[in-house]
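Just below is one structure, and these are the notes that go with it.
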Amino acid sequence: MGRKLIYLGCLSSTRYTDTCENAIELIKSVDNEYEVLEEAPCCGALAYHITQPEKLKEHVEYVNDWFQENDIEKLTTICAGCYQYLTKYYPQFLSDNFKVEVKHLLQFLAEPENLEKLNLKYDGKKLRVCYHDACHLRNAVIPIIEEPRQILESLGKVEVFEMENNKLNSICCGAGGGVYSIFKENSDYNTNTIFDQMRRGKALLTACPFCYTAFKRVANENNLKKPIIKFEDFLMKIKNGVDPLDE
């Protein structure tokens, strides 16, 4: 039996350490065999946009060698970008030589047996939240769309207020692909459009650290009062019995 890895991703592990700790606690509360290896290499997702294919293939092979050397059989990542890249491009470059079972945190938690083990219930006043479908998750080889809604539904008094653009038709936050770096006004327009569609939602939840970064930046610039919350942080607040909207 191989090892089970919690793969945090570069952005989350460097900028959102509290979120990482929350994700680790949620995963290990369901399956304590999962572990974090501090020396885990970057998946190389951002390099895909700027690197020559042969250089990218070298990095993919390097990461896969690390997986094999550390006997990684299963991997759960909290990063939408890592999930999309590992499930799409690693099999393309490595074919049958890539043998790691990759899941995103949302997939992992939404499995019926894991949802039962997690057993989170919100017993406060009825709460209506919005969930944003990140591009990396909805466009993945195996899309992740219903899983977050299933998790939220299992909490009890939490209702998902669906925005006009949702699921496969959701609006890109504008953070990825260099859009913010080159076309900041276009990126901001996308995020503000998402905020406009929240309306009756009390908070905006996201499972993507890139989306979270964009949302927080634009919210701060425009003094938006509604909370922007990373999905695992929301769950941990409920687990700890505190206000899930308290940032």
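The values are calculated or read from the model by the stated rules, or taken from the named source; none is laboratory data. This structure is a prediction, so every number in the text was calculated from the model and none was measured. A quick note on method: Cβ atoms are made from the backbone with ideal geometry, for glycine too, and the neighbour counts reach across all protein chains shown.
Would you point out which residue out of 192, 114 is of a type in the set (S, T, N, Q) and without any contact (Cβ under 8 Å) to a residue 60 or more places away in the chain?
Just one listed residue meets the conditions, 192.
For residue 51, the conditions (1) of a type outside the set (D, E, K, R); (2) outside any loop (DSSP other than H, G, I, E, B); (3) more than 29 Å from residue 234 (Cβ to Cβ) are fulfilled apart from (2).
Look at residue 147 and say whether it is modelled with pLDDT of 95 or more and under 22 Å from residue 82 (Cβ atoms).
On the way: modelled with pLDDT of 95 or more: yes; under 22 Å from residue 82 (Cβ atoms): yes.
Yes, satisfied.
Checking the stretch 38-47 against the condition returns a match, with at least one residue being surrounded by fewer than 18 Cβ atoms within 10 Å (Cβ to Cβ) and in contact with a Cys (Cβ under 6 Å, 6 or more places away or on another chain). Considered as a group, the residues in the stretch 77-128 that are farther than 24 Å from residue 241 by Cβ and assigned to a loop (DSSP other than H, G, I, E, B) include one that is nearest to the chain's Cα centre (by Cα), and that residue is 79.
Among the residues of the stretch 129-176, count how many are in a loop (DSSP other than H, G, I, E, B) and either touching a Gly at 6+ places or on another chain (Cβ under 6 Å) or among the β-branched types (Val, Ile, Thr) (or both). The number of residues fulfilling the criteria is 6. Assess whether residue 52 counts as being surrounded by 17 or more Cβ atoms within 10 Å (Cβ to Cβ), more than 21 Å from residue 2 (Cα to Cα) and not hydrophobic (A, V, I, L, M, F, W, C). No: the conditions fail for residue 52.
Residue count for the stretch 202-245 under the criterion of being assigned to a loop (DSSP other than H, G, I, E, B) and of a type in the set (Val, Ile, Thr): the result is 1. Please work out which residue is surrounded by the most Cβ atoms within 10 Å (Cβ to Cβ), limiting yourself to the stretch 204-247 and to residues that are small (Gly, Ala, Ser) and touching a residue at least 12 places away in the same chain (Cβ under 8 Å). Out of the qualifying residues, it is 207.
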